[in-house]
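Here the structure is laid out as structure tokens; the discussion comes afterwards.
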Amino acid sequence: MMATRAQQRPDRAEPVRSGEQGRDFEFTSADFARIRDLIHRSAGISLSDHKRDMAYSRLARRLRARGLDTFKQYLDLLEAENDPAEWEAFTNALTTNLTAFFREAHHFPILAEFVPRRAQPVSVWCSAASTGEEPYSIAMTLIEALGDSGARQASVLATDIDTQVLAKAEAGMYQFDQVKHLSPERLKRFFLKGTGAHAGMVKVRPEVRALVRFQQLNLTDRDYQLRSQFDAIFCRNVMIYFDKPTQAQVLGRFEPLMKSGGLLFAGHSENFTYVTQAFKLRGQTVYELTRDATGTRTPARASTSTSSHTTSGVTV
Ligand SMILES: C[S@@+](CC[C@H](N)C(=O)[O-])C[C@H]1O[C@@H](n2cnc3c(N)ncnc32)[C@H](O)[C@@H]1O
């Protein structure tokens, strides 16, 4: 006889009891559903089924830290106490922070070619900065494109919802392995080599760090409290965690923060063409505003192909 779905996947139907599968805490389907709902409401993140184990292991640390026995107790406490510090820890635990220096490298020559043509000083917003590799790559590109003195006026605002990664970003210290793919020129110009206790590490040079300001910002907040406009916004590999309505809201908030002729850089699997009329694809996952300097909106270019880009809004 065929096994029922619940028999094939007992974890879907029944609570995982203490000790089962090596787990210390009971973790039910209802607990996971509640976690998904809470992180979606607080950070816009859509967690798919296959993130269940990840949610368990990362949040189990919070249960231990709080001396709790079950996920239900933890989630009850999270909602009842409404303590900003616990919400921060909950959010930090559930974000995915993968990044790298000069990731999706084709964007940086586009930025380098773009910034000298702009009214100076230029400002760039890196809106999902993670541990800092991306905003520092932007700052390095500004220095290469504008020269040391030209770049001194430029600025990079680096934001993320996750306070833990921002602290790491601000420190600017990395393992040498994370930069070994960079050219010798870049390594020499932009990094200091660690010695003694810091052997095997590199530190981003102060003149690069001076361009970058870090700040916590939740992209799903209604008002970002940003009062200046940007020449370019990097929003890469974060929209993929949001559903389409959330993506549309975020893009709607970007529009007034963009200077005329500004560029929006998206991640390789993110496609905003069907999400908004405010930006049109210019190519290579770079978008530009559809409104011109007078505020008149030019028609967004219709995409002829859907096969080369995945429309995001998937759960991850
Ligand atoms: C996969 S990393 C991408 C990092 C970098 N942009 C890149 O492409 O290499 C996604 C980042 O988005 C951040 N994030 C997730 N939800 C967010 C939100 N609602 N507001 C701001 N940042 C968010 C995460 O904390 C994480 O650092």
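The values are calculated or read from the model by the stated rules, or taken from the named source; none is laboratory data. Just so it is clear, the structure is predicted and the values come from calculations on it, not from any experiment. Because the Cβ atoms are built from the backbone with ideal geometry, glycine has one as well, and the counts that use them run over all protein chains shown.
The table below gives the values:
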read-out	value
Extreme residue, surrounded by the fewest Cβ atoms within 10 Å (Cβ to Cβ), among residues of region 62-109 that are polar (S, T, N, Q) and without any contact (Cβ under 8 Å) to a residue 12 or more places away in the chain	ASN82
Residue list for region 257-267, restricted to those being modelled with pLDDT of 95 or more and more than 13 Å from TRP125 (Cα to Cα)	GLY267
Flag if ILE39 is under 25 Å from the mean Cα position of the chain (by Cα), closer than 27 Å to LEU263 by Cβ, within 13 Å of the ligand (Cβ to nearest atom) and not assigned by TED's automatic domain parsing to the domain that holds GLN164	no
Every residue from region 270-286 that is in contact (Cβ under 8 Å) with a residue 40 or more places away in the chain and surrounded by fewer than 16 Cβ atoms within 10 Å (Cβ to Cβ)	GLN284
Selection from region 125-164 of residues that are more than 27 Å from PHE254 (Cα to Cα) and touching a residue at least 24 places away in the same chain (Cβ under 8 Å)	ASP148
Whichever residue in region 230-245 is crowded, with 23+ Cβ neighbours inside 10 Å and assigned to a helix (DSSP H, G or I) and, among such residues, is nearest to the ligand (Cβ to nearest atom)	TYR241
Which numbered condition LEU47 misses (of (1) loosely packed, with under 13 Cβ neighbours inside 10 Å; (2) within 16 Å of the ligand (Cβ to nearest atom); (3) under 15 Å from ILE35 (Cβ atoms))	(1)
Test result for TYR287, at pLDDT 95 or above and within 14 Å of the ligand (Cβ to nearest atom)	no
Qualifying residue in region 85-108 (condition: modelled with pLDDT under 95, among the charged types (D, E, K, R) and outside any loop (DSSP other than H, G, I, E, B))	no
Test for GLN215: is it closer than 26 Å to SER149 by Cα, among the polar types (S, T, N, Q) and within 16 Å of the ligand (Cβ to nearest atom)	yes
Cβ pairs under 8 Å, 6+ apart, first in region 218-238 and without any contact (Cβ under 8 Å) to a residue 40 or more places away in the chain, second within 10 Å of the ligand (Cβ to nearest atom)	TYR224/LEU217
ALA167 being within 16 Å of the ligand (Cβ to nearest atom), free of Cβ contacts under 8 Å to residues at least 24 places away in the same chain, within 30 Å of GLU86 (Cβ to Cβ) and not in a loop (DSSP other than H, G, I, E, B)	yes
Region 162-187, subset β-branched (Val, Ile, Thr) and in contact with a strand residue (DSSP E or B) (Cβ under 7 Å, 6 or more places away or on another chain), residue nearest to SER228 (Cα to Cα)	THR163
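For every residue, the table says whether it meets (1) surrounded by 18 or more Cβ atoms within 10 Å (Cβ to Cβ); (2) part of a loop (DSSP other than H, G, I, E, B); (3) on the phi > 0 side of the Ramachandran plot.
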site	(1), (2), (3)
ARG213	no, no, no
SER228	no, yes, no
SER260	no, no, no
LEU264	yes, no, no
HIS268	no, yes, no
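Here is a yes/no grid of residues against (1) outside the structural domain of HIS198 (by TED's automatic domain parsing); (2) out of contact with any His (no Cβ under 9 Å at 6 or more places or on another chain):
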{"position": "PHE71", "(1), (2)": "yes, yes"}
{"position": "PHE101", "(1), (2)": "yes, no"}
{"position": "PRO135", "(1), (2)": "no, yes"}
{"position": "MET173", "(1), (2)": "no, no"}
{"position": "LEU182", "(1), (2)": "no, yes"}
